[in-house]
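A short worksheet on the structure shown next.
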Amino acid sequence: MSMSLQFPKWAVTVLSILALVAAFIFGPVSNALAANSVTSINYGEEVSEVAKRYVGAPYKWGGTTPKGFDASGFTQYVYKKAATKMTIPRTSDAQYKMGKAVKQNKLQQGDLVFYATGEKGKVSYVGIYNGDGTFTGATSKGVKVVKMSDKYWKERYIGAKRIIK
């Protein structure tokens, strides 16, 4: 005589899902992945990726949130929200006074790039370098990815700073 237990189908499904979740959470694979992701983080790349998430956000003079950014409000916001959790100054001029100067041909993702969009030679704009000659910044048309080689930006470039150690 054999005995068999009868479970409703939904109970079997729920128990199967719970077993998979437990295996994923407590299994050696997830712990190895978690350890690797912490040790292999590149803060510059991460800052650049966070900046790109806000492409399309509107421009607002004095803006410091996704509801509307100005240039330095955008860079300040991104650095605070990214894994760096850095608090940087509010204005592009003050941001230009920090960090280590970087030659244009040595730029890395996450570096700040500075421009004179107002008075000639005076820092008035900042963006976050993405690599491949582009940066993400809050332009008058909203947050965009911009080519540094575009005539407008090329003529106004002042320099770059690395603020991530």
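Read-outs throughout are calculated quantities, based only on the coordinates presented, and are distinct from any laboratory measurement. Since this is a predicted model, take the numbers as computed values, not measurements.
Some observations on this one:
- Estimated translational D of region 43-162 in µm²/s (Stokes, Kirkwood radius over Cα pairs; 25 °C; 0.890 mPa s): 179 µm²/s
- Distance from the C-alpha centroid of region 85-110 to that of region 112-165: 11 Å, rounded to the whole angstrom.
- ³J(HN,Hα), Karplus 6.51/-1.76/1.60, whole Hz, each residue of region 153-159, x for Gly, Pro: 6, 4, 6, 10, 5, 10, x
- In plain terms, the chain from Lys9 to Thr87 could stretch by 22.7 nm, reckoned as 0.36 nm per residue minus the Cα-Cα distance.
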